[in-house]
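Working notes, structure below.
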Amino acid sequence: MEPRQLPGRAADIYKEIRRKYKVGFEPLRVRDKELELLQVTDLEALLGGKDPFQDVSSFPFWVKIWESALVLADFMATTPAAPGQTLLELGAGLGAPGLVAAASGYQVTLSDFEPLILDFQRVSAAASGLTGVRFELIDWLRPPALPPFDTIIGAEILFREDFFAPLLTVFSKLLAPEGTIYLAHDVRRKSLPPFLQLAGKEFEIGVSKRRITSGDESVTVILNRLRPRKK
């Protein structure tokens with residue numbers, strides 16, 4: 001993607017981002033879907049040796065496309081959207097799963113907690129030729145009033161146990177009554193089992209495992225499906 005090809009507002013946002021970060025466009029192909037994702041290219045300077053499985057409160061999870069996000073993106077590419085089906089990606093970061101869903105016909109809203117993250121998403125959506133994608137700042141402690149979504153997805157969003165209860169509140173407020181949630185996490189994410197135990201009071205939970213090769217490492221990703229229990 002040549003920056004000069006970006007439409008007006010996206011080009012302005014891109015210029016602002018470049019003033020603060022070293023960035024570049026990276027192509028991402030998921031089955032027959034092709035995206036152009038704006039990413040920070042000097043990750044080490046930003047991460048400073050932080051471990052995402054130890055420094056969970058301070059690690060900037062949004063700057064990296066995690067293996068779980070790739071698994072979730074692949075899943076969305078193989079899950080057709082019904083006409084008009086709406087989808088919300090929580091803690092979307094760079095937004096790969098949600099953008100693949102948009103390319104697959106979903107009416108997508110990408111969300112995160114910081115305006116800068118949404119700016120990266122806006123530029124990537126424009127660079128990927130996706131129109132109609134919406135962007136929302138969502139504070140899980142004070143979720144906004146939005147129309148309910150048919151599908152909610154999230155990758156690597158269960159990294160703080162004090163946010164489990166707020167996240168379940170977000171689900172109850174923003175998921176349509178017959179809706180479905182899909183979550184993807186590295187099997188090493190220790191917070192996943194206690195969250196699922198808590199969520200099991202309100203949701204029927206399905207589970208599958210996917211393996212993905214990342215560099216020289218093989219990573220196992222847990223993909224969970226949550227559906228509201230019948231009352």
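Which log10 I(q)/I(0) values, to two decimals, does the range 133-184 give at q = 0.15, 0.19, 0.22, 0.28 Å⁻¹ under the Debye formula with one point per Cα?
-0.41, -0.67, -0.91, -1.37
GluC sites (Glu not before Pro) within the range 132-177: which are DSSP loop residues with at most 10 other Cβ atoms inside 10 Å? Please list the in-between numbers first.
On the way: sites: Glu136, Glu156, Glu161; in loops: Glu156.
When the GluC sites (Glu not before Pro) of the range 132-177 are filtered for loop state and at most 10 Cβ neighbours within 10 Å, nothing remains.
I need Asp32, Asp12, Asp216 ordered by Cβ neighbour count within 10 Å, fewest first.
Numbers: Asp32 8, Asp12 12, Asp216 5.
So the residues, fewest neighbours to most, are Asp216, Asp32, Asp12.
Assuming R0 = 22 Å, can you tell me the calculated FRET efficiency for the pair Glu44 and Glu114, based on Cβ-Cβ distance, to the nearest 0.05?
On the way: r = 21 Å, r/R0 = 0.95.
The pair Glu44/Glu114 has a calculated efficiency of 0.60.
Just from its helices, what would the mean residue ellipticity at 222 nm be for the chain, if runs of 4 or more DSSP H residues each count -39500 (n - 2.57) and the sum is divided by every residue, rounded to the nearest 500 deg cm²/dmol?
-8500 deg cm²/dmol
Give me the count of lysine pairs in the range 3-228 whose alpha carbons sit under 20 angstrom apart, restricted to pairs 8 or more positions apart or on different chains.
Lysine pairs meeting both conditions in the range 3-228 amount to 10.
For the range 3-228, what log10 I(q)/I(0) values come out of the Debye formula at q = 0.08, 0.10, 0.12 1/Å, with one point per alpha carbon and no solvent?
After summing over all Cα pairs, the log10 values are -0.27, -0.42, -0.62.
Give a quick list of chymotrypsin sites (Phe, Trp or Tyr not before Pro) in the range 97-178 that DSSP marks as loop, anything other than H, G, I, E or B, with at most 16 other Cβ atoms within 10 Å.
Working: sites: Tyr106, Phe113, Phe120, Phe135, Trp140, Phe149, Phe159, Phe163, Phe164, Phe171; in loops: Tyr106, Phe113, Trp140, Phe159.
Those satisfying the criteria are Phe113.
Each reported figure results from applying straightforward, stated rules to the coordinates on display, with no laboratory input. Everything numeric here is computed off the predicted structure, so don't read it as measured data. All Cβ positions, even for glycine, are placed from backbone atoms using ideal geometry, and neighbour counts span all protein chains on display.
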